Amino acid sequence: MKATKELEAWKECQRKAEEQKRIHREEKFCEQEKQIEEERKKLKHKSHTRISASRNLATKGRNSENIFLEKLKENSIPAPRSVGSIKINFTPRVFPTALRESQVAEEEEWLHKQAEARRALNTDIPELSDLKEEEKNPEWLKDKGNKLFATENYLAAINAYNLAIRLNNKIPLLYLNRAACHLKLKNLHKAIEDSSKALELLTPPVADNANGRVKAHIRRGTAFCQLELYVEGLQDYEAALKIDPSNEIVQNDAEKIRNIIQGTELKS
C-alpha cells in the first residue's frame, strides 16, 4: 500500500510539473504573439512613409514571423521524460600533425596517390605465368628484396625490385630501395636516377613521406659526392636538413662536404 501511495504521489507531482510547463508555454506563446503583433504594426507604419523600404521590411517581418512560429512549434513539443546520451565517434586523422600546421589538401592528395599506386598492377608480363602467386605481388617482392639486401646479396635484391617495379611502377619505396643497392654496387648514375624517381613519386611533400624524402636526398647526394660532384651533393644534403633539421649525422656529413668544396676552391 505504501509503495502504491508513493507511486500515486509521484504521478501527481509529474502531472503538476507537466501542467506548470504547459502554462509556462502558453504564457510564452502569448508573449511571442504580442511581439509578432507589434512587429506587424511597426512594419505597417513604415510602409506608409516609404514604399520601397516597406517591401524590404515586410519581407523581414515575414521571416521574423516564421522564426517565431518555428520556435513556438518547438516549444509546444512536450519535454522528454527520460534523459539519454548520444555517443559521438570522431574520425581519426591519418597524420599526427596539428590541424593548424597541417596541409590537409596535400595530405589528401598523397593518400589518393597511394591508393592509386596500390591498384596500378601490370599483369601483361610474359614471365608472370612462370611465377608463384605470391611472386606476383609487388609488396612481397619488396620484402624479399629487403631481406636480400640485409644479407648483402645486392644483385638478387635488385632483381626482386626490378620485377616489383615492372608489376607496379608507382611505388616510391621500390626505387628508393633499389637506389640503396646501386650505391652499394657503385652504380652511381643508376642510384641518382632511382633516387630522383623516388622523389618524383613522394609528392606532394607531407609528414607521412618525410622520412622517404630524406633518404632519397641523402642517397642521391651520396652518389653525387662519390662522382665528385660535391656542389650537387651538398644541395641534396641541405634539402634533407630542411626536412629533418635535427639530424646530426646529416649535419656532420653536410659540413664535411662544405669543407671539401672550400678546399677545392682554395686549391684552384
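The values are calculated or read from the model by the stated rules, or taken from the named source; none is laboratory data. Small disclaimer: the values here were computed from a predicted structure and weren't measured. Here the Cβ is made from the backbone with ideal geometry for all residues, glycine too, and neighbour counts use every protein chain on show. Note: accessible area is taken over every heavy atom of the protein model, side chains too, but ligands, DNA and RNA are not part of it. Shrake-Rupley method; radii C 1.70, N 1.55, O 1.52, S 1.80 Å.
Laid out as a table, the results:
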| quantity | calculated |
| --- | --- |
| Segment LYS132-ILE36, length gained on full extension (0.36 nm per residue, minus Cα span) | 26.6 nm |
| Surface share of carbon and sulfur [accessible, 1.4 angstrom probe, percent] for region 163-246 | 51 percent |
| Sequence ranges 145-154, 235-244, ranked by mean other-Cβ count within 10 angstrom, highest first | 235-244, 145-154 |
| Overall dimensions of region 152-203 by Cα: Rg and Dmax, Å | 10.1, 30 |
